[in-house]
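Working notes for the structure below.
Where a number appears in this text, it was derived from the coordinates with a stated rule and is not lab data. Since we're looking at a predicted model, the values are computed, not measured. All Cβ positions, even for glycine, are placed from backbone atoms using ideal geometry, and neighbour counts span all protein chains on display.
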């Protein structure tokens, strides 16, 4: 039985602002990754590396579902290491006072466990927590 990783945070920004940060490749580059071939179209395959000189991990995703201002999902894999795929779901929930609850859910990460510590549940949870709370939230709350 799988147990997805689920990280959430409340951001002082409208769902429209959050959605743009999650889906516009110019905005993404400011707080997340530089994903040149990202297009918000189901079936689009996109590639990226973590920032930095080493370009250590090649990521490939494919857009699975787009529900504007509510939900975005895509596959997530590391083709240099495995054929296994996991999937990510971003969910947005509008709250009062121009706030948005942002949730990221990463399913099937156990498929990567044999790849080592950098692909462990703990590593992914820490990574998503950092992406939400130290990258996305501060970026959106300052602009």
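Looking only at residues of the range 98-117 that are out of contact with any strand residue (DSSP E or B) (no Cβ under 6 Å at 6 or more places or on another chain) and touching a residue at least 40 places away in the same chain (Cβ under 8 Å), we find that the one that is farthest from residue 4 (Cα to Cα) is 98.
Before we move on, is residue 35 within 12 Å of the chain's Cα centre (by Cα), free of Cβ contacts under 8 Å to residues at least 24 places away in the same chain, surrounded by 13 or more Cβ atoms within 10 Å (Cβ to Cβ) and within 19 Å of residue 130 (Cα to Cα)? Yes; evaluated as a whole, the condition is true for this residue.
All of (1) over 21 Å from residue 133 (Cβ atoms); (2) free of Cβ contacts under 8 Å to residues at least 12 places away in the same chain hold for residue 27 with one exception: (1). Residues in the range 118-143 that are touching a residue at least 24 places away in the same chain (Cβ under 8 Å), farther than 22 Å from residue 97 by Cβ and within 14 Å of the chain's Cα centre (by Cα): 6 in all.
Of all the residues that make up the range 46-61, how many are surrounded by fewer than 16 Cβ atoms within 10 Å (Cβ to Cβ) and assigned to a strand (DSSP E or B)? Looking only at that region, the number is 3.
Checked against (1) within 21 Å of residue 10 (Cβ to Cβ); (2) touching a helix residue (DSSP H, G or I) at 6+ places or on another chain (Cβ under 6 Å); (3) in a loop (DSSP other than H, G, I, E, B), residue 35 passes all but condition (1).
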